[in-house]
Amino acid sequence: MWHNVRILNAISNTCMAVFIIAVVTGVIGWLIQKPVYALQTVKVQSSDGKELLHVNAMTVKSIALPNIKGNFFTVDLNEVRTAFEAVPWVREASVRREWPDRLIVSLEEYQPLGIWGNGGQLLSTKGDLFTVNMAEAEEDYDLLKFSGPEGSEREVLARYKEFCKRFAQIHLVPKEIRLSNRYAWSVRLDNGMNVEFGREKDRNTISDLMDRLKEAYPQLAEKTGDGIESIDMRYPNGLALKLKGKLPVSSTQRNNVAL
């Protein structure tokens with residue numbers, strides 16, 4: 001082999017290429033560590049162009065910035081994203097470099113819709129559970145109330161949206177949605193009235209019960225004024241209502257509501 005000029009030239013060229021790559025890599029590594037490439041600015045902005053309501057300079061400086069390591073070239077963008085997503089009220093963060101010494105961080109804040117259960121968590125408008133200063137949230141938002149088994153947040157949110165549309169037809173607004181551990185639905189409305197729907201037997205159960213309630217409620221409201229405390233829809237062909245300060249009254253005929 002050592003007498004073969006072609007092989008010797010190939011080995012020599014390979015060694016030279018490896019040497020050059022090593023030198024270039026070393027030079028690049030030395031250059032990118034120079035102070036001139038140190039990060040000078042971290043710009044924090046809203047991902048939707050709106051003003052950030054809850055993320056402020058103090059929380060960013062105390063929670064996110066201490067976890068940013070490296071310079072313009074060596075900083076790990078995934079680590080920066082994770083650091084910002086640890087800031088209260090931040091739902092999602094995206095990070096990019098901007099030459100020559102800046103990071104641009106775009107943040108999406110949680111939009112709270114209501115309080116979830118009794119564990120001190122909030123439910124967002126996108127169905128996420130998150131934890132922040134509850135007093136701050138209650139001061140800034142008119143929070144609803146939600147509850148349900150673990151993992152049912154998005155199902156409860158979807159049902160809330162459906163209830164909003166259906167109850168609007170009889171001029172009522174849901175204020176609390178409850179899904180029991182047995183998967184039975186109940187709703188508290190803005191007039192203080194509670195409605196029990198029970199468990200779903202099929203995909204049309206709630207819709208059918210809402211149709212029945214829509215038909216019966218105007219008559220009930222007309223006869224009782226604001227005196228209905230609760231309505232129980234868990235009857236095959238009727239309903240039961242409880243008047244404030246009185247015993248429950250039942251109606252077993254769908255189209256014949258009598259008090």
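With respect to LEU157, determine if the residue is touching a Phe, Trp or Tyr at 6+ places or on another chain (Cβ under 8 Å) and in contact (Cβ under 8 Å) with a residue 40 or more places away in the chain. Yes; evaluated as a whole, the condition is true for this residue. Selection over region 115-147 of residues that are small (Gly, Ala, Ser) and touching a residue at least 60 places away in the same chain (Cβ under 8 Å) gives a count of 0.
Conditions tested, residue by residue: (1) of a type in the set (Asp, Glu); (2) modelled with pLDDT of 90 or more.
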site: CYS15; (1), (2): no, no
site: ALA22; (1), (2): no, no
site: THR59; (1), (2): no, yes
site: ILE63; (1), (2): no, yes
site: ASP76; (1), (2): yes, yes
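Pairs meeting the criteria (first residue in region 47-61 and of a type in the set (Val, Ile, Thr), second residue assigned to a loop (DSSP other than H, G, I, E, B), beta carbons under 7 Å, at least 6 apart or on different chains) are VAL55/VAL87; VAL55/TRP89; THR59/VAL87; THR59/PRO88; VAL60/VAL87.
Here is a yes/no grid of residues against (1) exposed (fewer than 13 other Cβ atoms within 10 Å of the Cβ); (2) more than 17 Å from the chain's Cα centre (by Cα); (3) outside any helix (DSSP H, G or I):
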{"position": "VAL44", "(1), (2), (3)": "no, yes, yes"}
{"position": "LEU53", "(1), (2), (3)": "yes, no, yes"}
{"position": "LYS61", "(1), (2), (3)": "yes, yes, no"}
{"position": "ALA64", "(1), (2), (3)": "no, yes, no"}
{"position": "ASN71", "(1), (2), (3)": "no, yes, yes"}
{"position": "THR74", "(1), (2), (3)": "yes, yes, yes"}
{"position": "ARG81", "(1), (2), (3)": "no, yes, no"}
{"position": "PHE84", "(1), (2), (3)": "no, no, no"}
{"position": "VAL87", "(1), (2), (3)": "no, no, yes"}
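Of everything in region 89-101 that is under 16 Å from GLY70 (Cα atoms) and part of a strand (DSSP E or B), the residue that is farthest from the chain's Cα centre (by Cα) is GLU98. Residues in region 219-239 that are closer than 20 Å to ARG166 by Cα and either open to solvent by less than 70 Å² (accessible area, probe 1.4 Å) or touching a Leu at 6+ places or on another chain (Cβ under 7 Å) (or both): LEU220, ALA221, ILE228, GLU229, SER230, ILE231, ASP232, MET233, GLY238, LEU239.
The values are calculated or read from the model by the stated rules, or taken from the named source; none is laboratory data. Quick caveat, the model's predicted, so the values are computed rather than measured. Every residue, glycine as well, gets a Cβ built from its backbone with ideal geometry; the counts of neighbours run over all protein chains shown. The protein model used for the area step is the full one, side chains on, heavy atoms only, and it has no ligands, DNA or RNA in it. Shrake-Rupley method; radii C 1.70, N 1.55, O 1.52, S 1.80 Å.
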